[in-house]
Each structure stands twice: as C-alpha cells, then as structure tokens.
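The values are calculated or read from the model by the stated rules, or taken from the named source; none is laboratory data. All figures in this text were calculated on a predicted structure; none of them were measured in a lab. All Cβ positions, glycine included, derive from the backbone under ideal geometry; neighbour counts span all protein chains shown. With ligands, DNA and RNA removed, areas are computed over all heavy atoms of the protein, side chains included. Shrake-Rupley method; radii C 1.70, N 1.55, O 1.52, S 1.80 Å.
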Amino acid sequence: MIQINEKSKILIRKLTVVICLLGMSQMGFSTNYEFINSGFASASYTNPNNWVGGIVGPTIIGVSDTVILSSTFTTCVIDIHIENFGLITIQGSAKVIITDTVSNYATLINQGDFQNYHTLISFGTFDNNWSFKNGMSDVFENWGMFTSNGCENSGTIINRGVFHVEGTFEDDTLRPNSTFENSGQLMVGSFARYYMGLGFKNLTSGIMNNDGEIKTYYNFPASVYNDGQIYNNLGSIDIHPLFITSGPHAKIRGHGLINAYSASIDGALCPDDPMKIITEFPCLLTDSTLIEIEINLGPAFDTLHFSNVGLSGILKVRYSTNQRPYECRDYVIITFDQLFNAQGFTTFDSLDLPTTNPGFKWEVVYNPNDVTLRYYPDDDNNNALNFQSIGNVDSGYIHVNSSIGMAKTIEFRFFPEKTNPNEPGEMIMSLDNSAGSYILSMGLTSAVEGETMSLTNGAGMIYTTYPFDKEWYHVAFVADINHYTKIYVNGMPVPVFFRDPNLEPQVYEIDSFRIGARKPYPQGFTQAFFRGKIDELRFWDHARSESQILDYFYRELLNQQAFGLRAYYPMNQGKRNDSNQCIDYLEDVSAFGNHGQLYDFSLVGSSTNWIGSLTCEALIPSENVFIGEAVDSTSWFEDENWSLGIPTGCHHAIIPDAMQVIVDADQANCFTIEVENGGRLEVLESKSLDVKLSVF
C-alpha cells in the first residue's frame, strides 16, 4: 500500500510544476494519444501496436496532453507507473485494468470499465460515469474529487477528498475483505429509478470514517444497510432516508455524529467516546440490539445520545480499566431528547453489568431523559427511613418536586418516637397544590381536643383520636369522590371526626410535597418536623377498598406498576444501621419515577438514616419450620431451632409432629402458626405469643 500524508502531498505538487513546465517547454504544443488495441495479443499500455500511429502514450501525461481509450471493446492494461497531469478519457465500452500504479493529478474521465488491481492515487478529478472496480488487496486513494455512477470495492479505498457515488453500491460492493477509510467527504446517492433506494450495503470489517463526512442524499435520497462494521472516528454520517444496521456481524463503533431520517439498530452499537444519533423518527433498538459501553473512573460523561429512541435489547457495560468504580457514583450511560413510549420500548430487555465490590450493587435508573447506572451500597431489601432528630438538630426531611395528581388514598407505615398528644405536634408530610396545602400531622392542632392524627386542607379537617404508641402502625386516609372521609389504622377503619362537619377536606392535585416537615412555612407557624420512622408510603389516584387496604397494610406491594399507583416509596435503599452518605435521594419505584431529595439527614451510622423495617415482603408468609431435636432445644427463641431463624411477624410458624416448642420469654410473634398433629406448643405463664393473623 502506498501512503501519502499531507506533507508528501505538498512536495508532489511542487514537483508537478517542474514536470509540467518541462513538458511544455520541450513539446510546445498539446498532444492527443489514442489507444485502440485492435486485436493484438498484448493489451499492454507500453505496446506501440496498440496506439494510433504507433505513438505510445507517455508515462507522464503533461498538462496539455490527452490520452483517449475509445475503441469498442478495447482493453488497456496499465502495467507501468503513470502520472497524469492532463486528461485521460475512457470512452464507449473500453476497459482499463491497472496492474501498476496510476497517479492522477488532473482529470480522469471514465465512460467505460475501469478496474484497479494495483494502486490508484488521485489528487485531481476522477469522473467515473460507468463502472469502477477496486480489486481485492488493491488500493484506491483519493485526495481530490471522485465522482462515480457506481463503485465496487473488494480492496481498500482511502478517501481524503470528495468521494461522490451517484447510483448504488451493489449488494456485494463492500465485501467482507474490503476497507473504506474516509477522512474527507463520502456522498452516496441513487438513480431516480431507485428513488429512496439502497445507497450502499456494507458487509465489511471496517468502514473507517476518520473526522470525515458520509452523506447519502447526493441527488436523491438513499439508504445504508450495514451488516459489517462501521468505525466512526469523530466523523459525521448523514443518511437519508433509512439507516439500517442488521445481521450477525453488524457493528457501529467509535464516536461522532450519525444523522438519519430514521434508523433501526439490530446489531451492536459500541461508542468509545460521545456518539450522537439524530433521527426525525424514533431510532428503534430491537431484541437483538447490543449496546456496549465502557465506563471510566473519571468525571461522568455523556457516552451515547439519541434525539428519539425506543429502548430494547441488551445493555452491556464494562470498565475501561481494571479498577473498580468509586463508591456512590452515578454514570450517565445514555441520554435522549425523547423516549419512544410505545409498549416494550422504554427499558432494556436484559443487563450485562460489571462485577462489584462486596457490599455494593448496580442500579439502573430510567430517568425522563437518560439512563443512569448507579454504583451504591447494597441494601437488605426491606428497610425504612429514620427521621429521628440528632441532639438539638431538627430532623431531616424529603422534598419531592413532582406532580402526582389526585391522591384519593394516602397510606404509609410509621413509628412515632413520642406518644400523643404531641406538643407542638409532629408534621408527617405537607402536600402542595395551587389551592392550598394538605397538612398531615400528629397532634398539631391543640384546639381540637384528643386529636392524635389529622389531615387538613384549607378550612376542612379530618382527624382521629386513635391512641398511637411507640410502635409500628399502618395509616390510610381515603377519599370518596372529592373529599377525605375515612381513616384506617392497621387495616381497620377507626372513628373519624371533622373540625367542622360541613367542611370535609377536599381532594386536590398534589403539585409537590415534603415528607417529615411542613411546606411551605405559613407566617406565624413554627416549623414542625416528624421525629420517628416512616416506611411504605403510597399514593393512589382512587379510593382503595377496605379489603385492599387490609391485604397490604403489613407487607410490601406485589405489583409496583399496579393500576392507579401514582407514587410508591418502599424506602428499601441503603444498608440498615450503617453509613449511607451517598444515598441522598428517595426512590419512587412506581411507573412515574417521582424521586425525592433528602435534606439534613445525617446518614451516618444509625443517625437519621436507613434502618431495618418490620414490613413483610410481598410474598408472605414464609414457612418457618421448627427443626430442633435435642430435649433442651425446645425454646422458641433459639435461632438454630428454626429453618428461617427465630420467627418474625412475616412467618408462618410450623411445629411438626413430635416436636415441642416452649414460649419462655416475651416478644414471641409470627404471622400465622400451625401445630401439626402430634406437635405441641406451650406458652409459659405470664408470657405471650403475638400471632399477626389475629387482626383479621
């Protein structure tokens, strides 16, 4: 292969001037050379029998010289190095085969059949009006202007100038063993009869676009079908109407800009730096798509951007070094201006993520305009959030700056650190809207005697006098059509009262809200925080029935995408009773992603932090079988006596035949209990067993 850089290009052009001047001074006039090859056995360029008048065409064609290949079915084999500073014209059905090097510095016009089997270097104009074929293992290097009605490449094409192909690359044009390296401008169009037809089909292992430009709407729109590999190195690929990459070997690598009317990616997309794919219609990823991205440990960067995309396929992420990522780190993997929200195109089908350090995990977050990969501490799957104040410091709070619409059911689990009545009261949450605020609090209104929990909206107030103590409760406020009228505690309705029987608190759209503090701060009111623990906060756009509330007051939701669920905060983040300084947001796991921001939480140790929860998992109860064998291993409170450890309020405890269990201390509990035939349960005097199912 002959390689010419910019510096050598300048030197050759200086040399050109000398040659041209010499040619003109010696000859003094222009000369035409016509190759005819009238049936002679040798079609060599150097054979004088092939030329009119026996005058052989020069190896250095001067500025005023013209070499014409015009005879019907003429074949010319250029088997010597030729440099053209004038004009070479291939006419009719003449054929040119290159077996040595041809360097074009001026004009080469082909109206016949031009086949390169060695090296063709063009710094001038190559106007190919018919057929051009670049043979296997051979090189065509263009520094000037190449215009062609067709181009078939089985070797190497290096374009550093302008490469226009008006017509089509045939299906086998860019073959698996060929290379197209572009650092100039490649423009591919189609004939009018192929309007919006195929521009070119890539089957190769490498179209390299090095800071160049590839376009496919030269005179008429044309598509690109890629079943090979395109490496876009800071280049620009502008394709109209369609860009389709499909097949077992299809891959797009590199970085730069791809602009298409529409696109379908059915192969691999592997950016190594920021890559942008801009389409007027959604760029659709398919089940076979592989997005492969490397992340580094430096500042986060925008690796892959779509203007409009439908997600699908596999997301594969790898480290760019052998190091592990920093703790508490967000990596923005993909960004987009618009997400195609059709069913099945909003998430990836599967994830292939790097290994993590012990105690950490990957979390993929689908935000409105990006896909973010978070490297955060692993959690224990069933946590709650502690709002307890630290010394004289007020409790933390959470701000959710999202509209969740009409919340006709608000339910949550909580653990108050104070018993009622509280002075000056405890603010569980405040819910903003254009008409006013919902204020959901404990004992905040001292003017209402006996009030232990209330929801206030303007002049309307609903409250209960239920005697809350220092333990976990589930509370639900439920509306009828337009007003809150019911309160449930631990799945059961409790008596309710209204400050004014004629003013029930109205249901409004919630524009934003704050958990654990008042928002906003009304003039004349002191700030009131909540000092306790909160878990399983849910907002529904409809009134939940008594059976629905009862079924899930003690456990997590089984369906996080349930109908009418506007926001769901299970608060399962973080490592319980550990440091979680990086987890400064509250995750909404519903379909709407109304995440919240934590403020003024210590997040160190057990201080205002993530803690263990007594909420059961969605699929309960878990069977916990007594397996103790020794006579002295009958105690309920010995961990090794049970298949799942000492029973909790989420377990179905089973005492099999011939087994004896003794409750010999306080705080024994389970969700349900089954004593099989032949088994025995003994509760010692003054001791008790709390079976959760008894609330039914």
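Below, the figures for the structure above:
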| quantity | calculated |
| --- | --- |
| Reachable aspartates and glutamates, given that their alpha-carbon falls under 17 Å from the alpha-carbon of LYS687 and they are not under 8 places away in the same chain | GLU638, ASP664, ASP666 |
| Reachable aspartates and glutamates, given that their alpha-carbon falls under 16 Å from the alpha-carbon of LYS95 and they are not under 8 places away in the same chain | GLU34, ASP79, ASP113, ASP127, GLU152 |
| SER307/LEU619 FRET efficiency (R0 41 Å; Cβ-Cβ; nearest 0.05) | 0.50 |
| 27 Å Cα-Cα threshold exceeded, pairs from LYS251/LYS361; LYS276/LYS316; LYS361/LYS692; LYS316/LYS533; LYS361/LYS418; LYS133/LYS276 | LYS251/LYS361; LYS361/LYS692; LYS316/LYS533; LYS361/LYS418; LYS133/LYS276 |
| Distant-in-sequence amide H partners of GLU213 (H built 1.01 Å from N, under 5 Å) | GLY184, GLN185, LEU186, SER236 |
| Mean Cβ neighbour count within 10 Å, used as a protection proxy, ranking 264-275, 497-508, 340-351 highest first | 264-275, 497-508, 340-351 |
| Exposure rank, largest accessible area first [GLU676, GLU685; 1.4 Å] | GLU685, GLU676 |
| Trypsin sites (Lys or Arg not before Pro) restricted to DSSP loop in the range 521-590 with at most 16 other C-beta within 10 Å | none |
| Heavy-atom accessible area order for PHE563, PHE671, largest first, 1.4 Å probe | PHE563, PHE671 |
| HIS652 accessible area, assembled protein chains, probe 1.4 Å, Å² | 30 Å² |
